[in-house]
Ligand SMILES: NC(=O)c1ccc[n+]([C@@H]2O[C@H](COP(=O)([O-])OP(=O)(O)OC[C@H]3O[C@@H](n4cnc5c(N)ncnc54)[C@H](O)[C@@H]3O)[C@@H](O)[C@H]2O)c1
Ligand SMILES: [Zn+2]
Ligand SMILES: [Zn+2]
């Protein structure tokens, strides 16, 4: 089968870029796979995480160490060097048809169309046993620490499969339920009904968030974004006020990288009659953006922290942060399965027009946003990544 992989025996991490298109054996259910299923993948979504792996800027240790660990396990099972596996199949956002299932799999049938929760949780640790599976101590992530879905077929634990009704959710949208769920999880931290909301950074997950916040009754949505294309898309999604940060004003390029942007702060204060927003969502993962979110929320408001970056961040004016009585929320992944239930309701409801907008605005009705795996080359994959905030691979 065709698959997009990183192979550590072929290329050193630092000296390489991109994913290799290879022909590898189709997965089979072996002894020990009684709880697994095999999917015929239809569509897979490409996101910032994949971009990070493509450019070798993220998940180095998780990928390299897990490949070694897996090879040792296979070796112990078969005591045969020929089985030594040196690659990882990339991809954690995908949708496909169940074509085989292990003997222990009860709730999933052959022919079911499923999307996958990308976090494979242990079901044994303290959090898993206490309703917080999204922060499982022993989680593995599809496409990073176990093989993922950038392939014609994928073998995954049945516990990650989420059945999807294709008469209500189109397959291309179904392939994006995992990142959509990230935004649903972020939006469900506080009640957004009647609230004034600011969203900092309008990457694809934040674009989902705009639609979800509207669906959940937010009164006003302010967007903050440096990139023109992302800002334009945000307006089409329904942002009420768009604040464009000038590139030269981004913290990273101008003075102390962590400081909030005074122009952004002033504009938000003007839009909120000096009060500040009720809820600020940090969706970019930059230090200046975190301080923008904290500084522009009102006293007693909520800051939802979602963007990621490795390393230390600085908080400005700590005293003021505490005395403002702000609540900081950290959002990881999706709640299993509460977030997926809300995702299903939001996507299946035609009145909120969320699916319609995702298809017409984010995916441009499939024009230039769907790459057939037969047409894969590193050049056109990279072009798709540069041109589109979100695109899909069709298998
Ligand atoms: N918490 C989680 O579970 C989780 C899951 C997935 C992704 N993430 C993180 O969420 C963030 C968003 O991911 P994505 O794939 O939706 O989008 P992305 O990372 O592709 O896009 C981020 C957007 O932020 C904008 N931006 C850059 N600098 C900015 C600044 N200083 N202020 C405001 N905006 C700025 C960019 O122009 C871009 O439009 C990333 O940091 C990603 O790593 C978190
Ligand atoms: Zn993703
Ligand atoms: Zn666990």
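The values are calculated or read from the model by the stated rules, or taken from the named source; none is laboratory data. Keep in mind that this is a model prediction, so the values were computed, not measured. Cβ coordinates were reconstructed from backbone atoms using ideal geometry, including for glycine residues, and neighbour counts include every protein chain displayed.
Let's see how each residue does on (1) in contact with a strand residue (DSSP E or B) (Cβ under 6 Å, 6 or more places away or on another chain); (2) in contact (Cβ under 8 Å) with a residue 24 or more places away in the chain; (3) over 30 Å from residue 22 (Cα atoms):
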residue: 339; (1), (2), (3): no, yes, yes
residue: 345; (1), (2), (3): no, no, yes
residue: 351; (1), (2), (3): no, no, yes
residue: 356; (1), (2), (3): no, no, yes
residue: 362; (1), (2), (3): no, yes, no
residue: 369; (1), (2), (3): yes, no, no
residue: 373; (1), (2), (3): yes, yes, no
residue: 379; (1), (2), (3): no, no, no
residue: 382; (1), (2), (3): no, yes, no
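Looking only at the range 374-395, filter to residues that are within 18 Å of the chain's Cα centre (by Cα) and in a helix (DSSP H, G or I); which one of those is surrounded by the most Cβ atoms within 10 Å (Cβ to Cβ)?
384
Any chance the range 91-102 includes a residue that's within 16 Å of ligand 3 (Cβ to nearest atom), touching a residue at least 24 places away in the same chain (Cβ under 8 Å) and not in a strand (DSSP E or B)? Don't jump to the end; show me each part of the working.
Within the range 91-102, the subset within 16 Å of ligand 3 (Cβ to nearest atom) is none.
No; the residues of the range 91-102 include none that is within 16 Å of ligand 3 (Cβ to nearest atom), touching a residue at least 24 places away in the same chain (Cβ under 8 Å) and not in a strand (DSSP E or B).
Is it the case that some residue within the range 173-193 is under 30 Å from residue 70 (Cα atoms), away from ligand 1 (no atom under 12 Å from the Cβ) and touching a helix residue (DSSP H, G or I) at 6+ places or on another chain (Cβ under 6 Å)?
Within the range 173-193, one or more residues are under 30 Å from residue 70 (Cα atoms), away from ligand 1 (no atom under 12 Å from the Cβ) and touching a helix residue (DSSP H, G or I) at 6+ places or on another chain (Cβ under 6 Å).
Take the residues in the range 146-172 that are under 18 Å from the mean Cα position of the chain (by Cα) and buried (at least 24 other Cβ atoms within 10 Å of the Cβ), then tell me which one is farthest from ligand 3 (Cβ to nearest atom). Give the steps one after another, and end with the answer.
In the first step, residues of the range 146-172 are kept if they are under 18 Å from the mean Cα position of the chain (by Cα); the result is 146-150, 160-162, 171-172.
Checking which are buried (at least 24 other Cβ atoms within 10 Å of the Cβ) leaves us with 147-150.
Numbers: 147: 20, 148: 20, 149: 22, 150: 26 Å.
Here the answer is 150.
Select from the range 194-214 the residues that are under 17 Å from residue 278 (Cβ atoms) and away from ligand 1 (no atom under 11 Å from the Cβ) and write down the one among them that is surrounded by the fewest Cβ atoms within 10 Å (Cβ to Cβ).
So, considering only residues that are under 17 Å from residue 278 (Cβ atoms) and away from ligand 1 (no atom under 11 Å from the Cβ), the one surrounded by the fewest Cβ atoms within 10 Å (Cβ to Cβ) is 194.
Among the residues in the range 254-268, are any near ligand 1 (Cβ under 9 Å from one of its atoms), within 22 Å of residue 177 (Cβ to Cβ) and either without any contact (Cβ under 8 Å) to a residue 60 or more places away in the chain or in contact with a strand residue (DSSP E or B) (Cβ under 9 Å, 6 or more places away or on another chain) (or both)?
no
Listed residues 194, 143; which is at positive phi, away from ligand 3 (no atom under 16 Å from the Cβ) and in the same structural domain as residue 290 (by TED's automatic domain parsing)?
That would be 194, the only listed residue that is at positive phi, away from ligand 3 (no atom under 16 Å from the Cβ) and in the same structural domain as residue 290 (by TED's automatic domain parsing).
Go through the range 9-24 and give me each residue that's crowded, with 16+ Cβ neighbours inside 10 Å and in contact with a helix residue (DSSP H, G or I) (Cβ under 7 Å, 6 or more places away or on another chain).
18, 19
If you scan the range 114-127, which residues turn out to be within 10 Å of ligand 3 (Cβ to nearest atom) and either part of a loop (DSSP other than H, G, I, E, B) or touching a helix residue (DSSP H, G or I) at 6+ places or on another chain (Cβ under 9 Å) (or both)?
Hits for the range 114-127 are 119, 120, 121, 122, 123, 124, 125, 127.
Working carefully through the options 246, 236, 320, 259, find the one that is within 25 Å of the chain's Cα centre (by Cα) and either surrounded by fewer than 23 Cβ atoms within 10 Å (Cβ to Cβ) or more than 20 Å from residue 48 (Cα to Cα) (or both).
236
Can you go through 45, 131, 111 and tell me which one is in a loop (DSSP other than H, G, I, E, B), closer than 30 Å to residue 283 by Cβ and either within 16 Å of ligand 3 (Cβ to nearest atom) or modelled with pLDDT of 95 or more (or both)?
131
All but one of (1) part of a strand (DSSP E or B); (2) in the same structural domain as residue 283 (by TED's automatic domain parsing) hold for residue 371, so report the exception by its number.
(2)
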